[in-house]
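Student: Just passing along the structure, written as structure tokens.
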């Protein structure tokens, strides 16, 4: 049992049979066809030779199949991680150089080790620091940068830069050098791939294919674009006309590589590797959860860290570069009927066969076609609906998202993630430090107490009830003291203060100390402090403290009891002869 | 009105009269007597010439009197800030050197500017990041370091270091050089001052003094120790016997100084200045709040930032060093009857007179006596009760406190504060990321719903109700998805999932997206999602979102309604002919 928690293959492997095998093989075949052009394209995006994209799709998939918990997740090179790899490794050496490739291996190893450590220590919750608006903003901005950077390959010109302003200005400067045959291939490929996404499936259905078959057939569109454009280059000798192609790709299984153990390099790449790991993990887990839920299955996020960690370590030792679970390919894998992670292993075999036997045919594949597959893929990452929803729902969350987008576009991908995380946290702390609280009074004729500012309620100048709508922690402990003392300063006749704790889910040591301070300060001012409607777990904790012993007032089970009893008490203190009937007459009790 | 918010002197100055004047003058006299030895001692602790302590007690007090909101806070050099000044400036130049003194001026200016900026931008809430356990641990550890560092002056030997291990080892190494006359002065002074704190007041009361007079007279103890030990040095010519004294102090008003505007120096001192500002502010505000509450007055924390900022800027331009509101002197000021900040201004005049006319008499004051006043003062900062209380109340808060103490003692004061803040935050985020939630069922015969693990309650395998005991934010959004999907995966017959939101005070954009994801994933699995007992403000926000529109289930006012209606619905779906009587018979409705 224990072992199969860390090696999920032991659990699903036992139930493996002929049907599962067939389903997995079909899915693997479809995913392999989709993955070949994608792997080449993303390696190019990362500034790496195309074969590295294939290598990164072989052993990492097998490693994930052994350790991962998602049955449909397809691991390999993805667009955003490729961009982050390019950014990080470019700071070490120019893209494509031997030092650059060495740096990407170190990135994969570091990222893998970090994910493994987080998995073993169950630190998956750290990924929580990335709020949805920040992730969404980051992915959108990265998609825009990637699409813009690929325009150079569509135009057949040079451009450089990792931020929008530089990319756009170098593109504009080199625009006159546009290569017309390249542009034609690029535009036609892009248009064809967009049409494949939108128009091919309905067409196939109208031709009589079943929706699912039509859907999966449409996924082969990119391979058709690759085949047709390669043939066009060969037949029309477009290389002579200046169309750049992929060139010779070695025919080989993944090589065994050993990442450099260079302390200075590791230190330089540590932060980029961390950011890349966390972004990759967040994206991958959200894909895996979505697919698992469709079949009422579960994934284990801490074990997912281990699966992705193993995949990246495998990438580092087999000539790959950082990988994670991809959205599009996982959905295809799921839709094609993959039932177990074995489908991933069969995909790996498919890619290995391609790396061994198919590469000679890819030498004349135009780079513009690969750029087109990237552009079509990443533009689906650009999310225009979410910002509008977030704007409507919460201006603060929108601000965090907008800041992430702007910093990512204008300063860079790493500063973008860091700014987003920092802003989300600052916003959260700011909110937590000024929670909602209300002075409440009795709704006439009921046992309910409501905000005096929103409802017509009964109150008494000698009794003040404050309802606190938040857990009390060190972040709002000081606010609590200020808020309570402010109310007391404004209520000169006050004798009893009640804190209504119906929405207080926890009180930490700082807030406890603040409550004790409030108790003492109110005592100095002749006011007693009461608590009402304290929740069970909070009361359990308070019983381990001095507060209940020192409290000048009482702890009341209900606010209604507290108010009624304190009214009588204040009344008796004022005029011992008066009975409770005056209060009943006034409707206060 | 607007102006008097930023210049509180305009408000209290108008009501100033003869009685207030008398009360303020008496308080000022007592505080002046207490402040003279303290100022000299703390300057020495900060590694500065003694007169700088006097200068730091003149203009800063007046600046605070103009801008501060506390009526009794006494601003000036304090122990912990002096230690932090020593630590920060030592990294620039050796203590006592001209560069060192220049660095302390820059520290005061930077700290003043930071406080002013925080005040104007109303960033006082940033001080919330220091939790009570962290502050308490930091103050205790600083007190221990300060007391240990002063042992060298009591023993008349040399010692160095800013962390405990180094301090103790250099003290031990130099122990053989102990100067006996110095040791006698040091031990007698320390013993006398401890007796003054504990035994003098009861003695004076038994001699017939009123408690308040006895209390205030006892505060003059340090000045007696100063006078007697100085006379002893002069009469017995102890300087010849190796007793180190304060030496010549220039007779002068505070000089006009201009802090260096050196970008590199400012950058080096920025972090220390920030830490020092925040620690000083937190300590000062807590003193000011305690005293204000005793008279049902209020202070304004954002304006306090401006008051303390002005005081530090004043210190920077008048030959002082960083200052803040001191606990002991403020309490004395309050007890002596200070009614307005004018008492502070009169104290400043008193100290100025001392700086002009009294300094020649202090030349033979033994440093051991000043060390004794520091030791007695800071040992009261060492808090042994709080750790025990915190240990009982919360192990997590205790861990943050213990880490702060250990890092402060072993690594240094700045790493101590940073470690404490980091740990508090990590702890808070960790807690916020895994909130309490419970599957609940109906308590038989009632409308109440309780945790199935704690109570015998009625449930139905087709309906699952989860009560979430925390606001939903990006920190727990992922946890929410996992928790809900886990429950669903374990409940194969499930058809209706109800999230009971009675303790949810807010839902941010990330959590909203998670709820939408849960809604869709449950729909894929054939389960409808319901909400119950949603609070007003949360419902207001949700109405601006898509969730309510897309929700596969309903929003129920009460959990009771939800459960009853869904039982009937599930029943009708299962067997359309059955009526609700079966459920009534089973006691579920």
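Student: Which of the residues that make up region B:198-214 are crowded, with 16+ Cβ neighbours inside 10 Å and touching a residue at least 12 places away in the same chain (Cβ under 8 Å)?
Tutor: B:200, B:201, B:204, B:214
Student: Checking the structure you have, find out if any residue of region A:553-569 is modelled with pLDDT of 85 or more, under 20 Å from residue A:509 (Cα atoms) and surrounded by 16 or more Cβ atoms within 10 Å (Cβ to Cβ).
Tutor: yes
Student: Just to be sure before I move on: is residue B:494 farther than 18 Å from residue B:438 by Cα and either modelled with pLDDT under 90 or within 14 Å of chain A (Cβ to nearest Cβ) (or both) in the structure I sent?
Tutor: The answer is no for residue B:494.
Student: Could we say that residue B:288 is within 14 Å of chain A (Cβ to nearest Cβ) and either in contact with a strand residue (DSSP E or B) (Cβ under 8 Å, 6 or more places away or on another chain) or surrounded by fewer than 19 Cβ atoms within 10 Å (Cβ to Cβ) (or both) here?
Tutor: yes
Student: Scanning for something more than 14 Å from chain A (Cβ to nearest Cβ), at pLDDT 90 or above, farther than 28 Å from residue B:356 by Cβ and buried (at least 21 other Cβ atoms within 10 Å of the Cβ), does region B:259-269 turn up at least one residue?
Tutor: yes
Student: Which of the residues that make up region B:411-445 are in a loop (DSSP other than H, G, I, E, B) and facing chain A (nearest Cβ under 10 Å)?
Tutor: Matches in region B:411-445: B:434, B:435, B:436.
Student: Does region B:478-491 hold any residues that are under 45 Å from the mean Cα position of the chain (by Cα) and at the interface with chain A (Cβ under 7 Å from one of its Cβ atoms), and which are they?
Tutor: Within region B:478-491, B:478, B:481, B:482, B:485, B:486, B:488 qualify.
Student: What is the one condition in (1) within 14 Å of chain B (Cβ to nearest Cβ); (2) under 23 Å from residue A:95 (Cα atoms) that residue A:127 does not satisfy?
Tutor: Exception for residue A:127: condition (2).
Student: For region A:471-483, what are the residues that are buried (at least 24 other Cβ atoms within 10 Å of the Cβ) and farther than 20 Å from residue A:546 by Cα?
Tutor: Within region A:471-483, A:475, A:476 qualify.
Student: Any residue at all in region B:384-394 that is away from chain A (no Cβ under 14 Å), under 20 Å from residue B:77 (Cβ atoms) and either assigned to a loop (DSSP other than H, G, I, E, B) or in contact with a helix residue (DSSP H, G or I) (Cβ under 6 Å, 6 or more places away or on another chain) (or both)?
Tutor: No, region B:384-394 has no match at all.
Student: If you check residue B:57 against the conditions, is it within 25 Å of residue B:275 (Cβ to Cβ), outside any helix (DSSP H, G or I), in contact (Cβ under 8 Å) with a residue 60 or more places away in the chain and assigned by TED's automatic domain parsing to the domain that holds residue B:331?
Tutor: Yes, satisfied.
Student: Quick one: is residue A:408 more than 10 Å from chain B (Cβ to nearest Cβ) and either assigned to a loop (DSSP other than H, G, I, E, B) or out of contact with any helix residue (DSSP H, G or I) (no Cβ under 9 Å at 6 or more places or on another chain) (or both)?
Tutor: No; evaluated as a whole, the condition is false for this residue.
Student: Can I ask one more? Can you confirm whether region B:468-477 contains a residue that is over 35 Å from the mean Cα position of the chain (by Cα) and within 14 Å of another protein chain (Cβ to nearest Cβ)?
Tutor: Scanning region B:468-477 turns up no residue that is over 35 Å from the mean Cα position of the chain (by Cα) and within 14 Å of another protein chain (Cβ to nearest Cβ).
Student: I've got another one for you. If you check B:248, B:289, B:297, which single one turns out to be at pLDDT below 85 and in a loop (DSSP other than H, G, I, E, B)?
Tutor: After applying the criteria, what remains is B:297.
Student: What's the number of the only condition in (1) away from every other protein chain (no Cβ under 14 Å); (2) modelled with pLDDT of 90 or more; (3) part of a helix (DSSP H, G or I) that residue A:401 fails to meet?
Tutor: Of the numbered conditions (1) away from every other protein chain (no Cβ under 14 Å); (2) modelled with pLDDT of 90 or more; (3) part of a helix (DSSP H, G or I), the odd one out for residue A:401 is (1).
Student: What pairs come out if I take residues in region B:137-166 that are at positive phi and pair them with residues that are surrounded by fewer than 20 Cβ atoms within 10 Å (Cβ to Cβ) whose C-beta lies under 6 Å away, six or more apart or interchain?
Tutor: Listed by first residue and then by second, the contacts come to B:156/B:179; B:161/B:170.
Student: State the number of residues belonging to region B:536-548 that are in a loop (DSSP other than H, G, I, E, B) and surrounded by fewer than 18 Cβ atoms within 10 Å (Cβ to Cβ).
Tutor: 3
Student: Just for region B:228-244: of the residues that are in contact with a helix residue (DSSP H, G or I) (Cβ under 6 Å, 6 or more places away or on another chain) and not in a helix (DSSP H, G or I), which one is farthest from residue B:185 (Cα to Cα)?
Tutor: Once the filter is applied, the top-ranked residue is B:244.
Every residue, every condition in (1) under 18 Å from the mean Cα position of the chain (by Cα); (2) more than 27 Å from residue B:387 (Cβ to Cβ); (3) crowded, with 22+ Cβ neighbours inside 10 Å, yes or no:
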residue	(1), (2), (3)
B:65	no, yes, yes
B:84	yes, no, yes
B:95	no, yes, no
B:123	yes, yes, no
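Student: Can you tell me which of B:503, B:517 is surrounded by 14 or more Cβ atoms within 10 Å (Cβ to Cβ), outside any loop (DSSP other than H, G, I, E, B), at the interface with another protein chain (Cβ under 9 Å from one of its Cβ atoms) and at pLDDT below 90?
Tutor: Unique residue meeting the criteria: B:517.
Student: Could you tell me whether residue A:35 is modelled with pLDDT of 90 or more, surrounded by 24 or more Cβ atoms within 10 Å (Cβ to Cβ) and touching a helix residue (DSSP H, G or I) at 6+ places or on another chain (Cβ under 8 Å)?
Tutor: no
Student: In the list A:46, A:88, A:74, which residue meets the criterion of being in the same structural domain as residue A:215 (by TED's automatic domain parsing), closer than 22 Å to residue A:304 by Cα and buried (at least 24 other Cβ atoms within 10 Å of the Cβ)?
Tutor: Unique residue meeting the criteria: A:74.
Student: Only one of B:322, B:272 is in a helix (DSSP H, G or I), in contact with a helix residue (DSSP H, G or I) (Cβ under 9 Å, 6 or more places away or on another chain), over 21 Å from residue B:9 (Cβ atoms) and more than 12 Å from chain A (Cβ to nearest Cβ); which?
Tutor: Step by step, each of B:322, B:272 is checked, and only B:272 is in a helix (DSSP H, G or I), in contact with a helix residue (DSSP H, G or I) (Cβ under 9 Å, 6 or more places away or on another chain), over 21 Å from residue B:9 (Cβ atoms) and more than 12 Å from chain A (Cβ to nearest Cβ).
Student: Now, a different point. Can residue A:531 be described as more than 8 Å from chain B (Cβ to nearest Cβ), at pLDDT 90 or above, in a strand (DSSP E or B) and surrounded by 18 or more Cβ atoms within 10 Å (Cβ to Cβ)?
Tutor: yes
Student: Within region B:334-343, can one find any residue that is assigned to a helix (DSSP H, G or I) and under 26 Å from residue B:246 (Cβ atoms)?
Tutor: Within region B:334-343, not a single residue is assigned to a helix (DSSP H, G or I) and under 26 Å from residue B:246 (Cβ atoms).
Student: Scan B:62, B:81, B:36, B:101 and give me the residue that is in contact with a strand residue (DSSP E or B) (Cβ under 8 Å, 6 or more places away or on another chain) and either part of a helix (DSSP H, G or I) or in contact (Cβ under 8 Å) with a residue 60 or more places away in the chain (or both).
Tutor: On inspection, the qualifying residue turns out to be B:81.
Student: Of the residues B:189, B:229, which is touching a residue at least 60 places away in the same chain (Cβ under 8 Å), under 25 Å from residue B:329 (Cα atoms) and over 32 Å from the mean Cα position of the chain (by Cα)?
Tutor: Selected residue: B:229, the only one of B:189, B:229 that is touching a residue at least 60 places away in the same chain (Cβ under 8 Å), under 25 Å from residue B:329 (Cα atoms) and over 32 Å from the mean Cα position of the chain (by Cα).
The values are calculated or read from the model by the stated rules, or taken from the named source; none is laboratory data. Since the structure is predicted, the reported quantities are computational estimates derived from the model, not experimental observations. Note that each Cβ is placed from the backbone with ideal geometry, even for glycine, and that neighbours are counted across all protein chains shown.
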